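In what follows, a single structure is set out as structure tokens and then discussed.
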Amino acid sequence: LRQKRAMTNIYSTMGWKENFSQFVIGDVIMRRMPEGNVEQEVVTLSASSARLGHELYGAAGDLDQWVDFTKLIDRTGLHAHSFALGVGLSAPLYAFTGLKGLTVSLYGPTGGGKTLAQYWVQSIYGNPDKLHFAAKFTQNTLFSRMGLYAHMPMTIDEVTMMDDKEVGDFAYWVSQGRDKARMTRSAEERDARTWAAPVVVSTNKSMQSKLIASGLDTDAQMARILEVSVPAHPMFMKDSVAGRRIYQFLMGNYGHGGLAFISKLLELGPDGVRAAIAQATSSFTARYKAKFSGEERFWEQSIILADLASSLAHEWGLIKHDHRPGIEWVLAQVGAIRRSVQEGRLDAFDMLSEYLNDTADAAVTVMHTGTQKPVVDFSRLPRSDVRVRFDVYRKTAGDQFNHGTVLLDRAHFRRWLSGRGADYKTFMQELADESAVATPASKKAYLGKDTPIKLGQSYVVGVNLNHPRLQGILDEADQNYENMALGQLKAV
């Protein structure tokens, strides 16, 4: 008997097992036999997962009815739902690519059917009502659920309630693919749960806007969030009948499509699946006339996998709608997403401007005219610390200030950058690329020199004010000097 059938292991998580030869979904394990055929077996999960596995990944209704229901997408032009369904189908493929996770944000006003799209995604594999996750959760709960789902999609409703500063952490959690490290009572490291799957969230407020509002450096987090705008649909705006009927259907027909789809993937085998992904990746650009940059690798991979999974499901008779309009709809939005990321990106000069604004009450301005004694702008003299020093220069009193430098207290500036999630080395490299670095050779300076404020030397960062992005500071110095001269005339 042992030779005829391998012993069934007791698993605590779903997904691929035994080098992609088995897949666990609920209390069913599908196994690829040496002959290439796939067999299903009902198994008992570990005590910690048995109840959840049975409740979450059951099956109800009929597969043929679920497949026929996908025709609704073509009839009504539900492009967002088409793409979401492709993302859900593609979840088991993520483990073959090295992509650990991605957040797909369905963003838009009420009336677009975002939550229905999430229910539809979960109906592929199990009970959509049980699998769909509430917006309020703790970090440990999120890790636990993602580790349990492993290689099947997760959906979270209304992340609008998520705090702005938590959005970036959430994007990282999803893409890292493993639980945080923990120790046992005997001081041994626990086996961390892992996953490789997409998370589909719905929100009325753009997650990218929430990232920008956090005030942190957000480039890396934005790359891990594929946000698509879901407009209000006339079918859902007219009344609640259509939405209610779709919901009722999905609550009564679920779980069969995922079993059939994964069974087909097992028949292909890991080599066949990898070959299909490679072929889809190489031909995607030619088929859709789309091109991604290196920073958009997360978006690119997720869209390609959604396209491939939908193509395979259509070929195997598991969906009956044309998925290509949904892919084209998302690709059209990627252009808008790309612009949004560029607009929201803070470069070195943006960060410098923010710092100068924050430290305006700790800055001194010293004006130099030829060989004359420097003149200090006493109208803006700090009362305590000096963090910034402006030095502006001109040849004669009749000239305008045409060059200068700004010196920043390096230690204070580095702490400020760190508090906003920015990197000091990256900042300095950007300044060097723009030929805007004007740090003294000694890297030290007296920030209070020529002023009544007596300070010792401190390490500084120097920036050239002749850069086009900073030219306005020199223009302002001219105006300030004129105001000072006019004030002296009035006093006389």
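The values are calculated or read from the model by the stated rules, or taken from the named source; none is laboratory data. These numbers were taken from a predicted model, which means no experiment stands behind them. With ideal geometry, Cβ positions are generated from the backbone for all residues, glycine too; neighbour counts draw on all protein chains shown. Only protein heavy atoms, including side chains, enter the accessible area calculation; ligands, DNA and RNA are left aside. Shrake-Rupley method; radii C 1.70, N 1.55, O 1.52, S 1.80 Å.
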In region 360-377, which residues are in contact with a Lys or Arg (Cβ under 6 Å, 6 or more places away or on another chain) and closer than 19 Å to Tyr446 by Cβ?
Ala362, Val364
Within region 383-404, work out how many residues are closer than 18 Å to Ser458 by Cβ and at pLDDT 85 or above.
7
So which residues in region 40-72 are touching a Lys or Arg at 6+ places or on another chain (Cβ under 9 Å), modelled with pLDDT of 90 or more and open to solvent by less than 60 Å² (accessible area, probe 1.4 Å), if there are any at all?
Val67, Phe69, Thr70
Quick test of your reading of the structure: Tyr481 fulfils all but one of (1) at pLDDT below 90; (2) crowded, with 19+ Cβ neighbours inside 10 Å; (3) touching a helix residue (DSSP H, G or I) at 6+ places or on another chain (Cβ under 6 Å). Name the failing condition by number.
(3)
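Take the residues in region 99-136 that are touching a residue at least 60 places away in the same chain (Cβ under 8 Å) and open to solvent by 30 Å² or more (accessible area, probe 1.4 Å), then tell me which one is farthest from His81 (Cα to Cα).
Looking only at region 99-136, we keep the residues that are touching a residue at least 60 places away in the same chain (Cβ under 8 Å), and these are 99-131.
Then drop every residue that is not open to solvent by 30 Å² or more (accessible area, probe 1.4 Å), which leaves 100, 107, 109-110, 115, 119, 129-130.
Numbers: Lys100: 23, Tyr107: 13, Pro109: 15, Thr110: 15, Thr115: 10, Tyr119: 10, Asp129: 17, Lys130: 20 Å.
In this case the residue turns out to be Lys100.
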Region 232-274, subset open to solvent by 30 Å² or more (accessible area, probe 1.4 Å) and under 28 Å from the mean Cα position of the chain (by Cα), residue nearest to Gln65 (Cα to Cα):
His233
Please identify the pairs in which a residue from region 154-177 that is under 24 Å from Arg193 (Cα atoms) has its Cβ atom under 6 Å from the Cβ atom of a residue that is among the basic types (Lys, Arg) and not in a helix (DSSP H, G or I), counting only partners at least 6 apart or on another chain.
Ala171/Arg224; Ser175/Lys100; Ser175/Arg224; Gly177/Lys100
Could you grab me the full set of residues in region 188-208 that are modelled with pLDDT under 80 and open to solvent by 70 Å² or more (accessible area, probe 1.4 Å)?
Glu188, Glu189, Arg190, Asp191
Helices (runs of 4 or more DSSP H) wholly inside region 291-363 that include at least 1 residues being under 25 Å from Lys71 (Cβ atoms) and modelled with pLDDT of 90 or more
297-315, 324-344
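I'd like to verify a number: residues in region 394-443 that are basic (Lys, Arg), under 25 Å from Glu476 (Cα atoms) and surrounded by 15 or more Cβ atoms within 10 Å (Cβ to Cβ), how many? So that I can check it myself, show each step before the final result.
Our first condition is that a residue be basic (Lys, Arg); within region 394-443, this holds for 394-395, 410, 414-415, 420, 425, 443.
Checking the rest, the ones that are also under 25 Å from Glu476 (Cα atoms) come to 394-395, 410.
Of the ones still in play, those that are also surrounded by 15 or more Cβ atoms within 10 Å (Cβ to Cβ) are 394, 410.
The qualifying residues number 2.
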